[in-house]
Amino acid sequence: MSGVLVVVEQRGGSLGRTSLEALAAGQQLAKQLGAECSAAVVGDAAAAGELSSKAVAKVYTVEHALLAQYTADGYVAALEQLVKQAAPAYVVFPHTYQVRDFAPALATRFGQVLISDVVAIHDGPSFVRQLFQGKLNADYRPSGAGPCFVSIQAGSFRADALEAGSGATVESFAPAIDAAQIRTKPSEPFREAAQTIDLSAAPVIVSVGRGIREQENVALVQALADALGAELAASRPICDAGWLPMERQVGSSGQTVSPKLYLAVGISGAIQHLVGMKGSKTVIAINKDENAPIFEVADYGVVGDLFEVVPALTEAIQAAKH
Ligand SMILES: Cc1cc2nc3c(=O)[nH]c(=O)nc-3n(C[C@H](O)[C@H](O)[C@H](O)COP(=O)(O)OP(=O)(O)OC[C@H]3O[C@@H](n4cnc5c(N)ncnc54)[C@H](O)[C@@H]3O)c2cc1C
């Protein structure tokens, strides 16, 4: 057993951002181990080209008619065979809903558990997970004879840190799967409403939270965003209330963003919000509570009333532009 195998997820032939982040984590882990990093894609080989443009030793395309649609049983059966053949010491996944569904069962086949939702990898290696809503970090070290299974939290590694490469060999892997092994009948995958706003590409984001109190007040923060030429985003309660559309929500059940500047206005910094924005280069927080958790990830903080700070800031930015 040696090396790292990253099992990525593809939709319609292209890799999602969390898969690219998991691949970046796999590359980092392989470097720490002085070992090779390979990648595998299940069901549809279309993403193999994109994968082989990264610094990976090998790309496995795991193909079978019974893998055309996702089922936990099919994926466990196929990946058990691949892991046995490729014999990696570490298997890395993005922490997606699909991975949560099948990866623990896969790990169990090897007498292992899934070290899930990992936010950092230290030398050793040890894998960092957050406990108690992010209040504690715990280090997990692999144990046992089997490979170590790890899933990576969205936003914890930077997709733009991925090393490019060209020498990867693409190998097709055909697992033996019997229809009788698959106990569920997949229907059409759930399709989310088309997103009209892609916050993930915005260089500057001003984000508003419940501190804004009422829908009419959102205009104050919109004015600040306009002055900065920024996209307006929000925490979940703002979108749940219908004050801004759902596609402007940042966080674990919203978009993952990594702008150059993220300005959080009246946002407490709950873990579900932080996972969506902690990849931002610079974070500025405005909050009247000096103990708000958002200040732990902020590079600059203003402890103050947003109803005083935001209009003054907007005015100062507008004045500086003239
Ligand atoms: C499964 C699940 C998924 C979730 N997904 C997401 C998600 O994707 N995104 C997300 O954001 N949340 C998500 N949440 C909700 C999350 O747990 C928090 O409840 C939410 O992020 C809190 O939003 P907030 O910071 O705007 O509100 P609050 O936590 O109420 O914070 C408001 C902040 O405003 C400050 N404030 C109040 N008045 C002022 C003022 N006048 N001036 C300055 N500051 C002021 C307060 O000090 C406080 O810190 C999820 C929760 C669950 C359980």
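I'd like to check something: does the range 74-81 contain any residue that is in contact with a His (Cβ under 8 Å, 6 or more places away or on another chain) and in a helix (DSSP H, G or I)?
Filtering the range 74-81 down to residues in contact with a His (Cβ under 8 Å, 6 or more places away or on another chain) leaves 74, 78.
With the extra rule that they be in a helix (DSSP H, G or I), the set shrinks to 74, 78.
Checked the range 74-81: at least one residue is in contact with a His (Cβ under 8 Å, 6 or more places away or on another chain) and in a helix (DSSP H, G or I).
In the range 260-300, what residues are open to solvent by 60 Å² or more (accessible area, probe 1.4 Å) and either without any contact (Cβ under 8 Å) to a residue 40 or more places away in the chain or outside any loop (DSSP other than H, G, I, E, B) (or both)?
Gln272, Lys281, Asp289, Glu290, Asn291, Glu296, Asp299, Tyr300
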Condition check for Ser172: touching an Asp or Glu at 6+ places or on another chain (Cβ under 8 Å), among the small types (Gly, Ala, Ser) and surrounded by fewer than 19 Cβ atoms within 10 Å (Cβ to Cβ): yes
Single condition Leu162 does not satisfy, out of (1) open to solvent by less than 80 Å² (accessible area, probe 1.4 Å); (2) more than 17 Å from Pro125 (Cβ to Cβ); (3) over 18 Å from the mean Cα position of the chain (by Cα): (3)
Residue tally, condition of a type in the set (D, E, K, R) and either touching a Ser or Thr at 6+ places or on another chain (Cβ under 7 Å) or farther than 18 Å from Val218 by Cα (or both), over the range 291-322: 3
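Return the only residue of Ile177, Ile121 being part of a strand (DSSP E or B) and β-branched (Val, Ile, Thr).
Values: Ile177 fails: part of a strand (DSSP E or B).
After ruling out the rest, the residue left standing is Ile121.
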Among (1) open to solvent by 40 Å² or more (accessible area, probe 1.4 Å); (2) in contact with a strand residue (DSSP E or B) (Cβ under 9 Å, 6 or more places away or on another chain); (3) modelled with pLDDT of 95 or more, the one test that Val221 misses: (1)
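Select from the range 188-218 the residues that are among the aliphatic types (A, V, I, L, M) and open to solvent by 60 Å² or more (accessible area, probe 1.4 Å) and list them in ascending order. Working first, answer last.
Residues of the range 188-218 that are among the aliphatic types (A, V, I, L, M), as a first pass: 193-194, 197, 199, 201-202, 204-206, 208, 212, 218.
Scanning the range 188-218 gives Ala193, Ala194, Ala201.
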Per-region count, the range 53-93, residues over 21 Å from the mean Cα position of the chain (by Cα), farther than 18 Å from Arg183 by Cα and open to solvent by less than 40 Å² (accessible area, probe 1.4 Å): 11
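The values are calculated or read from the model by the stated rules, or taken from the named source; none is laboratory data. Worth saying up front: this structure is predicted, and the values here are computed from it rather than measured. Because the Cβ atoms are built from the backbone with ideal geometry, glycine has one as well, and the counts that use them run over all protein chains shown. Side chains included, ligands, DNA and RNA excluded: accessible areas come from the protein's heavy atoms. Shrake-Rupley method; radii C 1.70, N 1.55, O 1.52, S 1.80 Å.
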